[in-house]
Every structure is written in C-alpha cells, then in structure tokens.
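Note sheet for the following structure.
Taken together, the values in this text are just the output of simple stated rules run on the coordinates, not laboratory data. This one's a predicted model, so the numbers in the text were calculated from it and none came from an experiment. Cβ coordinates were reconstructed from backbone atoms using ideal geometry, including for glycine residues, and neighbour counts include every protein chain displayed.
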Amino acid sequence: MKDVQHPSPSDPIHIVSNDHAIPFSKGLLAESLTATGLPPERAYRVAMEVECCLMDGGSVACLWTSCRDWFGALWPSLRGRFSWSGT
C-alpha cells in the first residue's frame, strides 16, 4: 500500500486521468465557470473554495473521475451560494 502524501500550501494538486496528471488550476476552473455566466470575481471565489476542498482531502492527487463526481455533488450547494445565469 502506498503512503498518502499530504499537501503543503506549496504542493500542487494533480488531477490524474489514465496515464497522465495535470496540476489543478484555479484560473482554468474560474475561466470555465465564467463561461457558464458566473461573474469573474465569483468564479474565482468558487475556484478557491474547490481548491481548499481538494487540499482538505489530504492528497496531492485526485482521480479525474473522483473529481468529476465530487464536483457534481458540490455543484448544487455552490449554485445556492453563488448566483449566476448558467445551468
């Protein structure tokens, strides 16, 4: 069994899919949320909250499928706290 690495504020969180991993990006997430109609300042706040939740998960890597499922479950609560025109 592998040891779980806990992130420090300087450790990037990686999103893992198949045989590759990319660093999580608040900027890219915020930009994507802005495309759904969320104002930029709110989109960045949501992206910051997502990053904090990922860091609180205690790992430096997150499987893409797990992130997708987790974000899908988080979406209704985020929509309730941050208003925007997207669905």
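Applying the Karplus relation 6.51 cos²θ - 1.76 cosθ + 1.60 with θ = phi - 60° to region 29-46 yields 3J(HN,Hα) values of 5, 4, 5, 5, 5, 4, 5, 8, x, 6, x, x, 5, 6, 4, 5, 5, 5 Hz, where x marks Gly and Pro. Summing charges over all other residues whose Cβ lies under 14 Å from the Cβ of Glu49, with Lys and Arg as +1 and Asp and Glu as -1, gives +2.
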